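Take a look at the structure below.
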Amino acid sequence: MTFSGPSIIFLTSLSAIPLSYFMNKISQMIDQRMILVAGVCSLLFVTIIPYLHVKYNPRKTDSFFYVLSIFTFSSVIDLVIGLENDGLIENFMTFYLKEGEPYLKTAHGTMICYWDGVIHYALYLMILAAISWGQSYREVALYWVGSLAHSMLVLMPAILMGPHGVKWPVLLNIPFLIIPFFAGGKFLRQRPSEEEHTEPSKMMKHPRIWRRPLDLFLVLYFLAASCVAILRFTAAFGGKVELAERYAQKYEPYLMESSKYAAAQMAVYLFFFLPYYAGSIYALIFPGESWMSDWSLIHAGAAAQAQFSHMGSSVHYRTPYVHRVPQNMKARAVFWVVNVLLFAVPQLMAYRCTNEPSFFQKANKTVVISEESEKNRKKK
């Protein structure tokens, strides 16, 4: 019985379950550096197996195949951590969470582990299926790049600022911090040329923004999201602005939580999301920016991961009670409306951009027909 490359990756990832249980039983491994060594050995192990499979099966293999062997294994580990944090299983990662990465025992750590163990793992399986069938997985990969890159951009600063300190096993996060950015650059360079997916019949002069209801809604959303990003950043970093202080106290007290995850996330919103909002507003009002399709997918992945973690942490039992969403109905309504919109609308934006890529291509002047010329022709 022979297994395909994707099947090997899938089966290798499942080895994380017995391996984590076995490693937890080795009580002599009390040194942090030994935990780091064990983690590195585990990652090498799950990389060597697919490598040996490819070596003895001289079929051309996508370089991303080896990345998947590491990331699928990590996803299963993270799912185990999430389940253990919530008391659904025990004695799998107890020692590691105590001596290795204690910051993963927080509400935010639990949420990012669930997201990695379920959503990222599902994306990996979709990519593996596409590789197996010889299909393109570029759009799925861009969504994954946004999601994982955001997760790490929040996690690493929060570790440095948080109360848990920095231990040697934090170095195990380096591949997960670096690889998404290299992968993102690779997939962005593989963008199809405009001629490949532009239909001349659709290259008409675009109507004004107020004649495009969906795009007008998206512009208004990005304007509102920009204001929310500034407001929440100010609140998370203790700015002495009355509106920000009132918002944090009444609607999102998690912004002031001591673990610093919320603060790091609001910084990402301000310094990364806000420029995207501005660019998107411009691209929707003045169509023709070909970067929109790719970056809408990256932003959709980042926004989904961000909001899942933020909303989950705001109600999770590991968050101190005073920093959870207040119990009154008005506060809960405001919290959920704001955060669900921040989750859902970027997904709508990605669908809008990828469903009609020709709208965001620069029109070829030789085939553009203006609305006025068309009206004059009909009159004649």
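Confirm whether residue 123 is part of a loop (DSSP other than H, G, I, E, B), over 24 Å from residue 167 (Cβ atoms) and modelled with pLDDT of 90 or more. Please lay out each step first, then the result.
Details: part of a loop (DSSP other than H, G, I, E, B): no; over 24 Å from residue 167 (Cβ atoms): yes; modelled with pLDDT of 90 or more: yes.
Considered against the rule, which asks whether it is part of a loop (DSSP other than H, G, I, E, B), over 24 Å from residue 167 (Cβ atoms) and modelled with pLDDT of 90 or more, residue 123 comes out as no.
Yes/no matrix, rows are residues, columns are (1) assigned by TED's automatic domain parsing to the domain that holds residue 177; (2) farther than 20 Å from residue 316 by Cβ; (3) modelled with pLDDT under 85; (4) charged (D, E, K, R):
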site	(1), (2), (3), (4)
44	yes, yes, yes, no
54	yes, yes, yes, no
72	yes, yes, no, no
82	yes, no, no, no
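If you take the residues in region 126-145 that are small (Gly, Ala, Ser) and not in a helix (DSSP H, G or I), which one is farthest from residue 272 (Cα to Cα)?
Residues of region 126-145 small (Gly, Ala, Ser): 129-130, 132, 134, 136, 141.
Restricting the remaining residues to those that are not in a helix (DSSP H, G or I) gives 134, 136.
Working: 134: 34, 136: 28 Å.
Selected residue: 134.
Mind checking whether some residue in region 234-245 is touching an Asp or Glu at 6+ places or on another chain (Cβ under 9 Å) and outside any helix (DSSP H, G or I)?
yes
Where residues in region 319-329 are in contact (Cβ under 8 Å) with a residue 60 or more places away in the chain and surrounded by fewer than 16 Cβ atoms within 10 Å (Cβ to Cβ), which of them is farthest from residue 85 (Cα to Cα)?
Going through region 319-329, the residues in contact (Cβ under 8 Å) with a residue 60 or more places away in the chain turn out to be 319-320, 322-326.
Now restrict to residues that are surrounded by fewer than 16 Cβ atoms within 10 Å (Cβ to Cβ): 320, 322.
Details: 320: 15, 322: 20 Å.
My answer is 322.
It is to be established whether one or more residues within region 299-312 are hydrophobic (A, V, I, L, M, F, W, C), part of a loop (DSSP other than H, G, I, E, B) and either surrounded by 24 or more Cβ atoms within 10 Å (Cβ to Cβ) or touching a Pro at 6+ places or on another chain (Cβ under 9 Å) (or both). Can you show your working first?
Here is the first cut: in region 299-312, the residues hydrophobic (A, V, I, L, M, F, W, C) are 300, 302-304, 306, 308, 311.
This time we only want the ones that are part of a loop (DSSP other than H, G, I, E, B), so: none.
Within region 299-312, not a single residue is hydrophobic (A, V, I, L, M, F, W, C), part of a loop (DSSP other than H, G, I, E, B) and either surrounded by 24 or more Cβ atoms within 10 Å (Cβ to Cβ) or touching a Pro at 6+ places or on another chain (Cβ under 9 Å) (or both).
Is there a residue in region 347-363 that is of a type in the set (A, V, I, L, M), surrounded by fewer than 20 Cβ atoms within 10 Å (Cβ to Cβ) and free of Cβ contacts under 8 Å to residues at least 60 places away in the same chain?
Looking through region 347-363, none of the residues is of a type in the set (A, V, I, L, M), surrounded by fewer than 20 Cβ atoms within 10 Å (Cβ to Cβ) and free of Cβ contacts under 8 Å to residues at least 60 places away in the same chain.
Looking at region 146-160, which of the residues that are under 15 Å from residue 273 (Cβ atoms) and among the hydrophobic types (A, V, I, L, M, F, W, C) is surrounded by the most Cβ atoms within 10 Å (Cβ to Cβ)?
Going through the qualifying residues, I end up with 154.
A quick yes/no check of all residues on (1) farther than 30 Å from residue 188 by Cα; (2) surrounded by fewer than 16 Cβ atoms within 10 Å (Cβ to Cβ); (3) at pLDDT 85 or above:
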{"residue": "64", "(1), (2), (3)": "no, no, no"}
{"residue": "106", "(1), (2), (3)": "yes, no, yes"}
{"residue": "119", "(1), (2), (3)": "no, no, yes"}
{"residue": "127", "(1), (2), (3)": "no, no, yes"}
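The values are calculated or read from the model by the stated rules, or taken from the named source; none is laboratory data. The structure presented is a predicted model; accordingly, all values stated were derived computationally and were not measured. Don't worry about glycine lacking a Cβ; one is built from the backbone with ideal geometry, like all the others, and counts go over all protein chains shown.
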